[in-house]
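The values are calculated or read from the model by the stated rules, or taken from the named source; none is laboratory data. Note that the coordinates shown come from a computational prediction; the quantities given were computed from them, not determined experimentally. Cβ placement follows ideal geometry from the backbone for every residue including glycine, while neighbour counts extend to all protein chains displayed. Please note that ligands, DNA and RNA were not included when accessible areas were found on the heavy atoms of the full protein model with its side chains. Shrake-Rupley method; radii C 1.70, N 1.55, O 1.52, S 1.80 Å.
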Amino acid sequence: LQDIRNTVGNIPMEWYQDFPHIGYDLDGKKIYKPIRNKDELDMFLEKMENPDYWRTVQDKMTGADIKLTDEQVDLVHRLQRGQFGDVHFNPYEPAVDFFTHEVMIHPVTNRPADKRSFIPSLIEKEKVSKLVHAIKMGWIKPRKPKDASPSYYDLWAHEDPNSILGRHKMHVPAPKMKLPGHEESYNPPPEYLLSEEEKLAWEQQEVSERKLNFVPQQFRSLRQVPAYPRFIHERFERCLDLYLCPRQRKMRVNVNPEDLIPKLPKPRDLQPFPTTQALIYRGHSSLVRCLSISPSGQWLVSGSDDGTVRFWEVCTARCMKTLPVGGVVKSIAWNPNPTICLVAICVEQSVLLVNPCLGDKLLYGATDQLLESYVPPEEERVQPVRWVPASAEEHSRGIRLCIQHSKAVKQVTWHGKGDYLASVVSDSSSMQVLIHQSSKRWSQSPFRKSKGLVQVVLFHPTRPYFFVATQRYVRVYNLLKQELTKKLMTNCKWVSSMAIHPGGDNIICGSYDSKLAWFDLDLSTRPYQLLRHHKRALRSVAFHRRYPLFASGSDDGSVIVCHGMVYNDLLQNPLLVPVKVLKGHAITLDLGVLDVLFHPTQPWVFSSGADGTVRLYT
């Protein structure tokens with residue numbers, strides 16, 4: 001066996017950390033470290049697999065692992081138990097008596113005693129004289145004897161802040177007794193004495209409710225005053241008061257109820273917003289279900305259950321045109337593109353595309369040219385709907401195209417660019433939502449399977465997203481990737497309407513259980529706020545395109561306008577403040593306001609009601 005002994009001596013082995021060797025042997029050759037350091041996993045595997053792991057130690061001097069022999073392990077065990085290292089050493093051998101206990105005649109040593117053993121010590125004398133001098137001068141004080149008698153102190157004698165009790169931070173001083181007044185006098189003024197009725201009333205009162213706990217009496221002189229019968233009783237009660245008095249101050253949190261209400265700005269600081277009813281558009285004979293406004297804000301269109309669509313001039317409330325469509329108008333949408341003059345109207349099973357021929361002649365002429373420039377493709381394509389051009393009689397009334405569906409259509413909405421429009425059909429199959437392209441007269445059904453009854457659909461104002469609201473959820477689809485990106489839980493029983501903020505990151509949903517849910521799409525899939533301002537079902541909600549306003553119309557006949565500020569700073573949550581309740585519509589057939597709509601540029605709101613009127617609030 002080669003003898004590797006490290007000759008570096010007693011030095012810290014960390015000095016060799018960065019070298020491949022760990023020292024030098026007797027011949028002066030380098031002792032190299034083991035090739036690879038073991039990591040935790042190697043150590044663990046070795047611990048599990050090596051039966052001699054427990055008796056293996058690392059030699060710090062050479063870095064090698066050494067397996068201890070049985071004798072070495074025994075030695076370690078003995079030292080741990082506090083025994084001697086040598087096995088053969090017996091600590092309990094009988095002691096050898098060097099000096100016997102018997103007194104011998106001859107002493108062991110016969111040295112004569114020292115002189116200093118019987119002379120007083122000079123050093124001690126010097127020390128004692130120093131101590132005596134210090135006591136005389138008063139530098140050293142004798143210790144006072146301890147007083148063994150117990151000490152008592154009066155609990156309430158000194159209630160100044162410096163006393164023992166006063167040092168308690170929460171100490172409550174004992175309640176002082178009320179000083180006696182005139183009624184306690186032995187000869188009180190006559191007004192303090194009780195009459196017979198007062199005495200009866202006093203006796204019938206509860207003890208805790210009585211103002212006085214005794215009846216005032218009159219005596220001619222102090223000698224005639226008898227002993228007080230309740231004296232011991234009252235002293236005892238006073239003692240109870242003193243020692244049961246809570247000796248700690250309870251910190252009560254005084255919260256002002258006003259502080260709990262969030263600080264909202266005053267409505268007058270949030271102007272402009274609509275406050276007063278300015279115009280009433282009369283003419284429909286039945287309830288007005290839907291409204292839409294031209295992108296310029298000059299013309300308003302309304303659809304009613306009386307089977308007509310009316311076009312109004314906004315500023316004068318003058319009916320410019322009445323278009324009979326032969327059925328209930330469920331939904332109406334003016335094309336948001338200012339260069340195209342088209343209105344989409346839902347009537348029973350078809351969507352009519354109408355050119356109202358209002359305003360700029362060049363504009364609506366260009367729209368007709370755009371529609372007539374359509375060239376049908378060579379081969380017929382299979383579509384879920386039929387595109388039927390208008391007859392000559394219909395053309396003279398303004399109808400340009402008719403998109404015939406298989407079931408009744410309940411909603412229509414345009415994409416922001418004005419070429420695509422989406423319609424919702426009253427059906428439970430996957431063909432509920434259809435997307436049409438007006439320039440190519442082409443329709444498609446974007447969904448393979450139905451996810452519930454679709455209530456409302458909307459296009460995102462800027463990005464390729466499509467919002468589909470079913471009874472309880474709002475699903476957001478990416479039209480480019482053709483996939484579901486988000487599913488919003490509305491926390492409502494039945495969604496009735498939906499509007500999207502012009503910025504595109506917030507949407508509001510109205511529901512038939514009189515709730516309005518505001519969603520911040522960047523924040524969560526649950527509502528950021530649920531507003532319960534209305535008493536009855538919400539029929540319609542709308543955002544303003546330029547001002548931070550949104551409105552909701554309800555069956556309680558009112559329109560509530562709220563300030564909804566969305567900040568560019570993503571860390572700041574939207575600020576929602578209700579600013580005005582607009583009344584005016586009469587409730588007819590248990591229905592109130594059926595649709596609300598903001599003017600594109602002014603802070604004005606339109607509302608249509610079951611009373612057959614359209615109202616403008618400015």
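Determine the share of the chain's accessible area contributed by carbon and sulfur atoms, expressed in whole percent, with a 1.4 angstrom probe.
For the chain, the apolar C and S fraction of the accessible surface comes to 55 percent.
Measure of size requested: the Rg and Dmax of region 9-107, with Cα atoms as the atom set and Å as the unit; please supply both.
Rg then Dmax for region 9-107, in Å: 24.1, 80.
Taking loop as defined by DSSP and a crowding limit of 13 other beta carbons within 10 Å, which trypsin sites (Lys or Arg not before Pro) in region 416-516 fit?
Answer by residue number: LYS417, ARG448, LYS449, LYS481, LYS493.
Quick one, could you list the DSSP H helices from the chain stretching 20 Å or more along their long axis (Cα atoms) with average Kyte-Doolittle hydropathy of -0.5 or above?
Length and hydropathy pass: 122-137.
What pairs from LYS330/LYS407; LYS361/LYS417; LYS487/LYS583 go past 24 Å between their alpha carbons? Kindly include the intermediate steps, with their values, before the conclusion.
On the way: LYS330/LYS407 13 Å; LYS361/LYS417 21 Å; LYS487/LYS583 35 Å.
Table pairs above 24 Å Cα-Cα are LYS487/LYS583.
Only Cα pairs under 8 Å and at least 6 apart count here; give the relative contact order of the chain as a rounded whole percent.
After rounding, I find 8 percent.
HIS182: accessible area at probe 1.4 Å, nearest 10 Å²?
110
Taking the alpha-carbon distance from LYS38 and a cut-off under 13 Å, which aspartates and glutamates remain once sequence neighbours fewer than 8 residues away in the same chain are dropped?
Those aspartates and glutamates meeting the cut-off are GLU46, ASP65.
Rounded to the nearest 20 debye, what is the charge dipole size of the chain about its Cα centre when +1 sits on each Lys and Arg Cβ and -1 on each Asp and Glu Cβ?
On the way: 79 positive and 67 negative charges, 335 e Å.
Magnitude of the dipole: close to 1600 debye.
Region 379-442: which GluC sites (Glu not before Pro) are DSSP loop and have at most 13 other beta-carbon atoms within 10 angstrom? Spell out each step's value before the answer.
Values: sites: GLU379, GLU380, GLU393, GLU394; in loops: GLU379, GLU380.
When the GluC sites (Glu not before Pro) of region 379-442 are filtered for loop state and at most 13 Cβ neighbours within 10 Å, GLU379, GLU380 remain.
Taking the Cα centre of each part, how many Å lie between region 1-68 and region 465-503?
Centre-to-centre distance over Cα atoms comes out at 69 Å.
Could you work out the Kirkwood radius for region 278-428, taking every pair of different alpha carbons, averaging 1/r and inverting it, reported in Å?
By the Kirkwood definition, the hydrodynamic radius is 15.9 Å.
With unit charges on the beta carbons (Lys and Arg positive, Asp and Glu negative) and the dipole taken about the Cα centre of the chain, which residue among TYR228, GLY416, SER185 sits farthest to the positive side?
So the residue furthest toward the plus end is SER185.
Go through TRP387, TRP494, TRP414, TRP604 and list them by solvent-accessible area, largest first, probe radius 1.4 Å.
On the way: TRP387 40, TRP494 100, TRP414 20, TRP604 65 Å².
Largest accessible area first, the list is TRP494, TRP604, TRP387, TRP414.
Which of the peptides 507-513, 139-145, 421-427 is most tightly packed, and how do the rest follow, judged by the mean count of other Cβ atoms within 10 Å per residue?
By packing density, highest mean first, the sequence is 507-513, 421-427, 139-145.
Sort CYS315, CYS562 from largest to smallest accessible area, using a 1.4 Å probe on the heavy atoms of the protein chains.
My answer, sorted largest first, is CYS315, CYS562.
So what's region 1-54 giving for Rg/Rh, alpha carbon basis, Kirkwood Rh from the mean inverse pair distance?
Checking Rg against Rh, the ratio lands at 1.07.
Please give me, ordered by residue number, the trypsin sites (Lys or Arg not before Pro) of region 1-56 that lie in loop per DSSP and have at most 10 other Cβ atoms within 10 Å.
Numbers: sites: ARG5, LYS29, LYS30, ARG36, LYS38, LYS47, ARG55; in loops: ARG5, LYS29, ARG36, LYS38.
Hits after loop and neighbour filter: LYS29, ARG36.
Relative contact order for region 1-54: what is it in percent, counting Cα pairs under 8 Å that are at least 6 residues apart?
It rounds to 25 percent for region 1-54.
Tell me the per residue accessible area of the chain using a 1.4 Å probe; a whole number in Å² is fine.
Solvent-accessible surface per residue comes out at 67 Å².
Dividing the Cα convex hull volume of the chain by residue count, how many Å³ per residue is that?
Here the figure is 617 Å³ per residue.
Could you order the peptides 39-45, 365-371 from most to least packed, using the average number of other C-beta atoms within 10 Å per residue?
Working: 39-45: 9.6, 365-371: 14.9.
Put in order of decreasing packing, that is 365-371, 39-45.
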